[in-house]
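Note sheet for the following structure.
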Amino acid sequence: MADSHRTVTVLIVDDHPVVRDGLRGMFATEPGFQVLGEASGGAEGVACALRLDPDVVLMDLRMPGGGGVEAIRELARRGARAKVLVLTTYDTDSDTIPAIEAGATGYLLKDAPREDLFTAVRAAADGRTVLSPAVATRLVSAVRSPSAPGGPGGETLSAREREVLELVARGTSNRRIAAVLFISEATVKTHLTHIYGKLRVSDRAAAVAAGYERGILGQEGRAGSGRAAAPR
């Protein structure tokens, strides 16, 4: 867990100067934060994040200088340490789900109270998932939707989710999964969250058991799955 007394460093990525100025001013008045820099687009944001190494990147989504989702994917691909907290006005499924799948640690709307923003940034720096209530509701609905492939309780896992589940069944840690699949640990955790939701389970061991039960995982290794699936 992050030290609650340490200063959380922040990078602001937004194409509107007024928004960047407002956010910088807010953080300047709140102890425990330091804004390291600003960027007006996704590509510039990636470059700044890699150079400045902030704890948290506040990322807008729709920007003419490169979209936020693409920037989040690139940061994950480059192994950036920074956690990405999306801060946007958009809360549609077409915005929220790709951002979370790309590796965003959290998703907050710009109408959030300033105290909620400060709390969210601290939580993101600590690696905890932060979702605005509206976004959380959308994500839960998307996972539980009867119209989703496979129907209620039987949603189809994506190819990448199957890969993650297979590695989990072998007892592979999140860090090792990230290395094997060339993704960030945050992205691994996001995939696990989706897997848990689709399989209607709450932990790694139950996910592996459900994977074998539903035929998602092969028969090989079933006898040793109890030990292999131990939480890491």
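We did not get these values from a lab; they are worked out from the coordinates using the rules stated. The shown structure was predicted, so the numbers you read here are calculated from the model rather than taken from an experiment. Don't worry about glycine lacking a Cβ; one is built from the backbone with ideal geometry, like all the others, and counts go over all protein chains shown.
The value of relative contact order for region 8-141, using C-alpha pairs under 8 Å at least six residues apart, is 21 percent. Share of Cα-Cα pairs in region 159-227 beyond 19 Å, in percent? So the pairs more than 19 Å apart make up 24 percent of the total in region 159-227.
Stretch residue 159-residue 52 to full length: gain in nm at 0.36 nm per residue minus the Cα-Cα span?
Values: separation 107, 0.36 × 107 = 38.52 nm, distance 3.42 nm.
Extra length from residue 159 to residue 52 when fully extended: 35.1 nm.
Of all lysines in the structure, those lying under 24 Å Cα to Cα from residue 110, and not within fewer than 8 positions of it along the same chain, are 83. Here residue 134 and residue 214 are evaluated by their C-beta separation; at R0 = 45 Å the FRET efficiency comes out at 0.90. Give me the Debye-computed log₁₀ of I(q)/I(0) at q = 0.15, 0.26, 0.29 Å⁻¹ for region 66-128, equal point scatterers on Cα only, no solvent, two decimals. With no solvent term, the Cα-only Debye profile gives -0.44, -1.17, -1.29.
Within a Cβ distance under 11 Å of residue 37, other residues only, what is the Lys/Arg minus Asp/Glu net charge?
On the way: positive: 20, 24, 51; negative: 38, 44, 53.
Its environment carries a net charge of 0.
Of the Cα atoms belonging to region 1-126, the radius of gyration and Dmax stand at 13.0, 37 Å. Between residue 6 and residue 70, full extension at 0.36 nm per residue minus the direct alpha carbon distance yields a gain of 20.0 nm.
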